[in-house]
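Just passing along the structure, written as structure tokens.
Derivation of every value follows stated rules applied to the coordinates shown; laboratory data play no part. Because the structure is predicted, anything quoted here is derived from the model rather than measured. Here the Cβ positions follow ideal geometry from the backbone for every residue, glycine too, while neighbour counts run over all protein chains shown.
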Amino acid sequence: MIKCENIFKSFEGRTVLNDISITFETGKTNLIIGRSGSGKTVLLKTLVGLHEPDEGKIFFDDICYTDLKFKARKAIRKDIGMIFQGGALIDSSTVFDNIKLPLDLFTDQTEAEKRERVEFCLERVELSHAPHLYPSELSGGMIKRAAIARAIVLNPRYLFCDEPNSGLDPQTSIVIDNLIQSITREYNITTIINTHDMNSVMEIGEKIVYIHTGYKWWEGTKDDILSSDNQELNDFVFASAMAKRAKNNLL
Amino acid sequence: MKFFETLGRYVILMGKVFSRPEKWSIYYRRVIAELEQLGIGSIPLTAIISVFIGAVITIQMAITLESPFIPQMMIGYAAKETMILEFSSTVIAIILAGKVGSSIASEIGTMRITEQIDALEIMGVNSAAYLILPKIIATMIFFPFLAAFSMMVGIGGGYLVARMGIMLPNDYIDGLLYCFDSYEITYSLVKMTVFAFLITSISGFYGYYAKGNSLEVGKASTTAVVMSSIMIMIFNLILTQIMR
Ligand SMILES: Nc1ncnc2c1ncn2[C@@H]1O[C@H](COP(=O)(O)OP(=O)(O)O)[C@@H](O)[C@H]1O
Ligand SMILES: [Mg+2]
């Protein structure tokens, strides 16, 4: 479980996050949705500690992360996996070394143990054929898979995904979404996914939070979302023809 | 005002860079990699520039000092002094600021805007130290060798043109040995060590705080080269005052 309470964050006097309080549930895919520029990435980075909130508290299970000093945070960082929007693989390292890096940094495993773990994760994301490739040689889908493998190599308890299927074709998007959801269930992880893709919402949305201009505008489940009477949410949701059809089927 | 703000941020970043590393083994491997990339990779450029400048300086000196009252060996002496005192440290440092500085700033800047630095931070890494410290160590170790190498190659270039008929090679060699003072070499290598720190830390700084898109990374890299060059000039003056 991850919980944030009354989070405020501003950059150079401009408020980007306004009084955000959310509880994200364990073993579920929690979705943060909203239009481009609404503050999703800033919220995600604030939750993991890449940005310091101006106000508010963040809890990882019972531990108040915002109260911890840098050293103490490292213990929680070990339990955090994150998938960045563009993958953020280290350009100068191969896929194999990218996935191995967290093991190098956090563990005292032998090279053989690390190799075994990396190979297991590569298999999990179906990249066993590509360990020797560099990020520049990968397709968009492969980059996301490698990023997922790196994020799960330490067996995280919390998984953060910033637009995991941006820039992917619809078919690959669904594969990536399903991969994240099955990993979440398999290891009972608290997963938080940023997305503006209604397909993802309908496929894997369990708990959904709608962010609008830095405010939490709405929260609920994917069944509620089609029948909400919130104007801004409806504008967002029904911009997609697929969601419109789903609503018509519901009626 | 802006200058002091930038200086402050630079000092804070250096504080992060020089905080105690969490795992030495990883840094060791990265230093080796940087020695290869930033150090060994700069040998060809240094060699080409030094041999030509050594040759040209010798020709210029031969023309300038052409007089029955000046012994020929003074040509070799002047060429040697120019190479050792200024060219092989200061000028080579400016050239390396262009090559190494821009590559460091654009590499780290690209890592910033593509969130690779965030990814490192999530992994609990002190990203500033992880990315910049190995480069600083590698260049501070290797650049003095480049300077020494440049002296030899430059003086060799001079010898080459001497052999081609500008002057008597033996006079040239006499000039090299005339008033030989090894402190001059020490002075030059110390300067180069300081310049290496300036180039790498300044370029790392501009890369690390890059934001926006690839255009901005390009600008950061240009600023890095300009600022490194200016700082090299300022510190050249300071070190010369102190050491000579
Ligand atoms: N580091 C930063 N400095 C200043 N402004 C920022 C920074 N990061 C994000 N912002 C601003 O915050 C707002 C929300 O951005 P973001 O969270 O990236 O939106 P999105 O919902 O598309 O992920 C944007 O207006 C953006 O310009
Ligand atoms: Mg975003």
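How large is the direction-averaged shadow of the alpha-carbon convex hull of the protein assembly as shown, in nm²? Walk me through the numbers before you get to the answer.
Values: hull surface 114.7 nm².
Computed as one quarter of the Cα hull surface, the answer is 28.7 nm².
To the nearest 10 degrees, how steep is helix A:241-250 against the longest Cα principal axis of chain A, on a 0 to 90 scale?
60
Ratio of the stretch A:89-179's C-alpha Rg to 2.2 N^0.38 Å, to two decimals?
1.05
Report, in degrees rounded to the nearest 10, the 0 to 90 angle that the Cα long axis of helix B:2-17 makes with the longest principal axis of chain B.
So the helix axis and the longest Cα principal axis differ by about 80 degrees.
What's the angle, to the nearest 10 degrees (0 to 90), between helix B:73-82's Cα axis and the longest principal axis of chain B?
10
For an R0 of 35 angstrom, estimate the FRET efficiency from the Cβ-Cβ distance between B:I12 and B:L160 and round to the nearest 0.05.
The computed FRET efficiency comes out at 0.10.
Whose amide H sits under 5 Å from the amide H of A:W217, counting only residues 5 or more places off or on another chain, with H placed in the peptide plane?
Amide H neighbours of A:W217, under 5 Å, 5+ apart: A:Y210, A:I211, A:H212.
Would you mind calculating the relative contact order of chain A from Cα pairs under 8 angstrom and at least 6 residues apart, reporting the percent as a whole number?
After rounding, I find 28 percent.
Compute the separation of the alpha-carbon centres of the stretch A:15-67 and the stretch A:182-251 and state it in Å as a whole number.
17
Something else: Taking the Cα centre of the stretch A:90-155 as origin, sum charge times position over the Cβ atoms of Lys and Arg (+1) and Asp and Glu (-1), and report the length of that vector in debye to the nearest 20.
240
Between A:S139, A:S182, A:S166, which gets the highest mean-square fluctuation from a Gaussian network model of chain A, Cα cutoff 10 Å?
A:S139
Where is the GNM fluctuation largest for chain A (alpha-carbon springs, 10 angstrom cutoff): A:T66, A:T29, A:T110?
Ranking A:T66, A:T29, A:T110 by mean-square fluctuation puts A:T110 first.
May I pose another question? Using +1 on the beta carbon of Lys and Arg, -1 on that of Asp and Glu, and nothing else charged, what's the dipole of the protein assembly as shown about the Cα centre, debye to 20?
400
Sticking with this structure for a sec: Between the alpha-carbon centers of the stretch B:176-232 and the stretch A:89-119, tell me the distance in whole angstrom.
Taking the Cα centre of each part, the stretch B:176-232 and the stretch A:89-119 sit 33 Å apart.
Related question: Could you work out how much longer the chain between A:E52 and A:E186 gets when fully extended? Use 0.36 nm per residue separation minus the Cα distance between them, nm to one decimal.
Working: separation 134, 0.36 × 134 = 48.24 nm, distance 3.12 nm.
Computed gain between A:E52 and A:E186 is 45.1 nm.
Taking every pair of alpha-carbon atoms in chain A, what share in percent sits in each 5 Å bin, from 0 to the bin with the longest distance?
1, 6, 14, 17, 18, 16, 13, 8, 4, 2, 0, 0
While we're here: Determine, for A:H212, A:H129, the number of other Cβ atoms within 10 Å of each Cβ, and report the residues in order from fewest to most.
By the 10 Å Cβ count, ascending, the order reads A:H129, A:H212.
Right, here's the next one. How much of the DSSP beta bridge set in the protein assembly as shown is antiparallel, as a percent to the nearest 5?
50
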